[in-house]
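Remarks on the structure that follows.
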Amino acid sequence: DAVREDFSGLLPWDEEARQLQARVNWLHQQFPERWPDYSDETLRVELEEWLTPYLDSVYSANDLSRLSLAQMLKAYLSWPLPQQLDSEAPANWSLPTGSAPTLDYTVENGPVLRARMQEFYGLREHPTLPGGQSLLVELLSPAHRPLQITRDLPGFWKGSYKEVAKEMRGRYPKHFWPENPSDAQATTRTKAKM
């Protein structure tokens, strides 16, 4: 009853749990016949079904805070959905540099892939999920500030990249801003360390 009253306050909602919830909800929007609704409202209504099995040794809010909400929510998915979650809505996306930033499914037009622009060099196709849905790509400056948001990376390379690169060469001269980014080597390093 206390959790039902203070659903967001008493449960240990960390970033991992909110992202897992958002991934399932995103899949529910795409395929409502296959994926359950994981909205706060639905989870509150179904509290007894997914939370009760974990309450045997929970006697206080402090005990509750030690539970892994992400694991509990993943376990609540019926088989074979837990295995399909990572393939249909992966938590991360691998970039040419080898880094694998977390995809953000919590934003309205998501999922969003955020990383420094230099890590996208060499990509000639726009990043997509396994099902073919385009990711919203947020290209960041070396200081991790948004430079461009796009669903058409090849179009950006051919179009407004030249203006962005011109400005960034003056602001971040130590970083690599090639003339043709679709043919350049992706990097996480400055020019001196490349």
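The values are calculated or read from the model by the stated rules, or taken from the named source; none is laboratory data. Just so you know, these numbers come straight off a predicted model, no measurement behind them. Neighbour counts are summed over all protein chains in view; Cβ atoms, including those assigned to glycine, are modelled from backbone coordinates with ideal geometry. These accessible areas exclude ligands, DNA and RNA; they are computed on the full protein's heavy atoms, side chains included. Shrake-Rupley method; radii C 1.70, N 1.55, O 1.52, S 1.80 Å.
Give me a count of the residues in the stretch 82-100 that are surrounded by fewer than 18 Cβ atoms within 10 Å (Cβ to Cβ) and in contact with a helix residue (DSSP H, G or I) (Cβ under 8 Å, 6 or more places away or on another chain). So that I can check it myself, show each step before the final result.
So the first thing to find is which residues in the stretch 82-100 are surrounded by fewer than 18 Cβ atoms within 10 Å (Cβ to Cβ), and the list is 82-84, 86-87, 90-92, 94, 96, 98-100.
Now drop any that are not in contact with a helix residue (DSSP H, G or I) (Cβ under 8 Å, 6 or more places away or on another chain), which leaves 82, 91, 96, 99.
Residues that pass the stated criteria total 4.
Determine the pairs where a residue that is closer than 22 Å to ASP1 by Cβ, located within the stretch 25-50, has a partner that is loosely packed, with under 14 Cβ neighbours inside 10 Å and hydroxyl-bearing (Ser, Thr, Tyr) with Cβ atoms under 9 Å apart, the partner being 6 or more residues away or on another chain.
ASP40/SER8
Take the residues in the stretch 56-87 that are under 21 Å from LEU103 (Cα atoms) and among the charged types (D, E, K, R), then tell me which one is nearest to the chain's Cα centre (by Cα).
ASP86
Residue check, SER141 against (1) small (Gly, Ala, Ser); (2) open to solvent by 40 Å² or more (accessible area, probe 1.4 Å); (3) touching a Phe, Trp or Tyr at 6+ places or on another chain (Cβ under 8 Å), all met but one. Which one?
With (1) small (Gly, Ala, Ser); (2) open to solvent by 40 Å² or more (accessible area, probe 1.4 Å); (3) touching a Phe, Trp or Tyr at 6+ places or on another chain (Cβ under 8 Å) applied to SER141, the lone miss is (2).
If TYR76 satisfies every condition in (1) open to solvent by 30 Å² or more (accessible area, probe 1.4 Å); (2) modelled with pLDDT under 95; (3) closer than 17 Å to GLN21 by Cα but one, which is the exception?
(2)
Working only within the stretch 154-188, note down all residues that are in contact with an Asp or Glu (Cβ under 8 Å, 6 or more places away or on another chain) and either in a loop (DSSP other than H, G, I, E, B) or farther than 20 Å from HIS126 by Cβ (or both).
Hits for the stretch 154-188 are ALA186, THR187, THR188.
Take the residues in the stretch 32-55 that are under 15 Å from ALA89 (Cα atoms) and more than 19 Å from the chain's Cα centre (by Cα), then tell me which one is surrounded by the fewest Cβ atoms within 10 Å (Cβ to Cβ).
Only one residue fits best here, namely PRO32.
Considering only the stretch 151-186, state which residues are among the hydroxyl-bearing types (Ser, Thr, Tyr) and either in contact (Cβ under 8 Å) with a residue 24 or more places away in the chain or surrounded by fewer than 12 Cβ atoms within 10 Å (Cβ to Cβ) (or both). Write out each step before concluding.
Keep residues of the stretch 151-186 that are among the hydroxyl-bearing types (Ser, Thr, Tyr), which gives 160-161, 172, 182.
If the condition is that a residue be among the hydroxyl-bearing types (Ser, Thr, Tyr) and either in contact (Cβ under 8 Å) with a residue 24 or more places away in the chain or surrounded by fewer than 12 Cβ atoms within 10 Å (Cβ to Cβ) (or both), then TYR172, SER182 are the ones that fit.
Is it the case that SER65 is of a type outside the set (Val, Ile, Thr), over 20 Å from PRO130 (Cβ atoms), touching a Pro at 6+ places or on another chain (Cβ under 7 Å) and modelled with pLDDT under 95? So that I can check it myself, show each step before the final result.
Values: of a type outside the set (Val, Ile, Thr): yes; over 20 Å from PRO130 (Cβ atoms): yes; touching a Pro at 6+ places or on another chain (Cβ under 7 Å): yes; modelled with pLDDT under 95: yes.
Yes; evaluated as a whole, the condition is true for this residue.
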